[in-house]
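Here's the structure we're looking at; comments come further down.
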Amino acid sequence: MRYLIDGHNLIASLPDIDLDDPNDEAKLVYKLRSFTARTGKKVTVVFDGGIPGGVSKSLSNSKVTARFAAADHMNADQVLIRLIRKVKNPGAYCLVSSDREIVQAAQNLGISCLSTPAFARLLTPDQSSESDASEKDENPQLSDEEIAEWLSIFSDEDD
């Protein structure tokens with residue numbers, strides 16, 4: 001599955017990135033890099049207002065393509081709609097946006113869609129199981145037999 005992502009629309013759904021932050025795009029791209037490393041999925045994220053526009057070589061890598069709409073010519077919505085229309089295998093793509101116009105264009109071509117709040121939840125791995133595991137590691141419950149075995153291994157024979 002390859003994701004086409006409405007970048008600023010997704011940032012607005014994230015609690016830890018602010019649209020007023022001058023580094024909001026880079027922060028999102030780093031989150032997406034982590035997501036792709038964890039899942040093996042590929043992502044194209046589109047942002048408004050890039051100068052001169054196009055793919056950012058400094059933010060993109062083999063799994064994440066960061067693309068900016070040219071500031072004077074079009075916006076991210078228009079770029080996403082163009083990308084959607086070029087898709088040859090709609091079943092292999094998922095659009096991430098909460099913008100009705102873009103979602104409608106994707107659905108008309110058979111591309112699945114995911115709202116930005118739903119995708120935002122995918123960006124953070126389930127930490128409840130990790131925290132449960134760490135709590136168990138910090139406070140292990142040993143049986144009397146296990147305690148006796150450890151004492152026999154580590155007790156000083158001179159005692």
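The values are calculated or read from the model by the stated rules, or taken from the named source; none is laboratory data. These figures come from a predicted structure and were not determined experimentally. Cβ placement follows ideal geometry from the backbone for every residue including glycine, while neighbour counts extend to all protein chains displayed.
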Open item on the list: Kindly evaluate residue 102 against the criterion of being in contact (Cβ under 8 Å) with a residue 40 or more places away in the chain and either surrounded by fewer than 20 Cβ atoms within 10 Å (Cβ to Cβ) or closer than 21 Å to residue 117 by Cα (or both).
Closed with: yes
Open item on the list: Could you check the stretch 62-73 and list, in sequence order, the residues that are in contact (Cβ under 8 Å) with a residue 12 or more places away in the chain and in a loop (DSSP other than H, G, I, E, B)?
Closed with: 63, 71, 73
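Can you tell me how many residues in the stretch 14-31 are more than 12 Å from the chain's Cα centre (by Cα) and surrounded by 17 or more Cβ atoms within 10 Å (Cβ to Cβ)?
So the count comes out to 3.
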Task: Sole exception among (1) without any contact (Cβ under 8 Å) to a residue 60 or more places away in the chain; (2) farther than 15 Å from residue 122 by Cβ; (3) crowded, with 17+ Cβ neighbours inside 10 Å; (4) among the hydrophobic types (A, V, I, L, M, F, W, C) for residue 84, by number - done: (1)
Task: Single condition residue 65 does not satisfy, out of (1) modelled with pLDDT under 95; (2) within 22 Å of residue 125 (Cα to Cα); (3) of a type in the set (Ser, Thr, Tyr) - done: (1)
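What residue, of 59, 95, 80, is closer than 13 Å to residue 7 by Cβ, modelled with pLDDT of 95 or more, among the aliphatic types (A, V, I, L, M) and outside any strand (DSSP E or B)?
Selected residue: 80, the only one of 59, 95, 80 that is closer than 13 Å to residue 7 by Cβ, modelled with pLDDT of 95 or more, among the aliphatic types (A, V, I, L, M) and outside any strand (DSSP E or B).
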Open item on the list: So residue 51 passes all but one of these: (1) at pLDDT below 95; (2) surrounded by fewer than 20 Cβ atoms within 10 Å (Cβ to Cβ); (3) aliphatic (A, V, I, L, M); (4) touching a strand residue (DSSP E or B) at 6+ places or on another chain (Cβ under 7 Å). Which condition number does it fail?
Closed with: (4)
